[in-house]
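The values are calculated or read from the model by the stated rules, or taken from the named source; none is laboratory data. Please read these numbers as outputs of a predicted model, since none were measured by experiment. Here the Cβ positions follow ideal geometry from the backbone for every residue, glycine too, while neighbour counts run over all protein chains shown.
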Amino acid sequence: MAEFGHKHLLGIKGLKAADMEQIFETADEFLGVLNRPIKKVPSLRDVTVANVFFEPSTRTRLSFELAEKRLSADVVNFSASSSSVSKGETLTDTINNILAMKVDMVVLRHPHPGAAHFLSRNVHASIINAGDGTHEHPTQALLDAYSIRRSLGAVEGKKVLIVGDIRHSRVALSNILCLKALGAEVMLCGPATLIPPPVSQLGVLVEWDLDKALEWCDAANMLRVQHERMDMKYFPSAREYSRQFGLTRERLERRGRPLTIMHPGPINRGVEITTEVADHEQSIILEQVENGVAVRMAVLYLLAAQNKN
């Protein structure tokens, strides 16, 4: 296997299409492992990984922890709410204290954009960005692209629609960068207040009518409205948002042909997507969860292998 060539995974911006393909090919191997009776390999048996989360997380933290344990790594979980951070300790001091315990890799979730980049310049361990504010969430974008690849056979040449709260979404930015690098066409749809004008510089299309956007795309990724990041009201009500931008069975039937339905979670059922659509046979939401473990196993494995060289 060719060297990965990266010490950290800080964002999609630092990756080339060839790097992503290497992650996907490695994930293919690990997906096979996850479907075996014994779902474990010794690839990271001599590696210690710290999951350091300064924001609440369920899916991402559990996915990383499961990926690490499937690779036989030693795992340390750190929650800021029960740490010395609440007493005023700095991010660098916190991480250096963890590293003094001989930790090799840090999976970092932080509310401030750029936290993973800052840390990578100040500590010796490998840093994996598990989401930094509204900036990036690279492993989510990789697992989304990998899921499209498995569902549609390829990413290149596919038309991918991202619907919802683009303004506050780190998933949206990472997805745009990832999909564009892999040769997909990307369209955004949502309230004008939640699609900031600068996104046009990323080479994406914008459509305000969800029905027209659904006619255009091969896959639709429905994003959650992130109320916790909003400092003002961006649309009249959840009911109005759902009426204009929610994916319903009626919209699916009007389209008249198959659609790959995606969602990064957590789902607000009845707002951005109805229960019957989330659980529809065309939905790959649960496959995204499974693929996420395989992709994160691939990232951990490739970074660990690179750091041994």
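Listed values, structure above:
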{"read-out": "Among (1) of a type in the set (Val, Ile, Thr); (2) assigned by TED's automatic domain parsing to the domain that holds residue 176; (3) more than 15 Å from residue 163 (Cα to Cα); (4) in contact (Cβ under 8 Å) with a residue 60 or more places away in the chain - the single one residue 299 does not satisfy", "value": "(2)"}
{"read-out": "Qualifying position, being touching a residue at least 24 places away in the same chain (Cβ under 8 Å), in a loop (DSSP other than H, G, I, E, B) and out of contact with any Lys or Arg (no Cβ under 9 Å at 6 or more places or on another chain), among 112, 168, 117, 124", "value": "124"}
{"read-out": "Residues (in a helix (DSSP H, G or I) and within 22 Å of the chain's Cα centre (by Cα)) located in the range 192-212", "value": "194, 198, 199, 200, 201, 202"}
{"read-out": "Residue within the range 171-181 that is in a strand (DSSP E or B), closer than 23 Å to residue 283 by Cα, outside the structural domain of residue 113 (by TED's automatic domain parsing) and touching a residue at least 40 places away in the same chain (Cβ under 8 Å) present", "value": "no"}
{"read-out": "Any hit, the range 50-68, residues being closer than 17 Å to residue 293 by Cα, within 15 Å of the chain's Cα centre (by Cα) and part of a loop (DSSP other than H, G, I, E, B)", "value": "yes"}
{"read-out": "Complete set of residues in the range 116-136 that are surrounded by fewer than 23 Cβ atoms within 10 Å (Cβ to Cβ) and over 13 Å from residue 8 (Cα atoms)", "value": "133, 134, 135"}
{"read-out": "Hits in the range 50-66 (condition: out of contact with any Leu (no Cβ under 6 Å at 6 or more places or on another chain) and closer than 16 Å to residue 139 by Cα)", "value": "51, 53, 57, 58, 59, 60, 61, 62, 63, 64, 65, 66"}
{"read-out": "Every residue from the range 83-95 that is closer than 21 Å to residue 48 by Cα and at pLDDT below 70", "value": "83"}
{"read-out": "Lone qualifier among 37, 42 - being over 16 Å from residue 132 (Cα atoms), exposed (fewer than 14 other Cβ atoms within 10 Å of the Cβ) and either modelled with pLDDT of 95 or more or not assigned by TED's automatic domain parsing to the domain that holds residue 124 (or both)", "value": "42"}
{"read-out": "Every residue from the range 208-219 that is more than 12 Å from residue 185 (Cα to Cα) and buried (at least 19 other Cβ atoms within 10 Å of the Cβ)", "value": "210, 213, 214"}
{"read-out": "Tally, over the range 8-18, of residues that are surrounded by fewer than 18 Cβ atoms within 10 Å (Cβ to Cβ) and modelled with pLDDT of 95 or more", "value": "3"}
{"read-out": "Options 75, 33, 103, 41; residue that is more than 19 Å from the chain's Cα centre (by Cα) and over 15 Å from residue 296 (Cα atoms)", "value": "103"}
{"read-out": "Residue selected from the range 173-198 under the condition crowded, with 22+ Cβ neighbours inside 10 Å and among the polar types (S, T, N, Q), by the criterion nearest to residue 217 (Cα to Cα)", "value": "175"}
{"read-out": "Those residues of the range 255-282 which are assigned to a loop (DSSP other than H, G, I, E, B), under 13 Å from residue 223 (Cβ atoms) and of a type outside the set (Gly, Ala, Ser), in sequence order", "value": "263, 264, 266, 267, 268, 271, 272"}
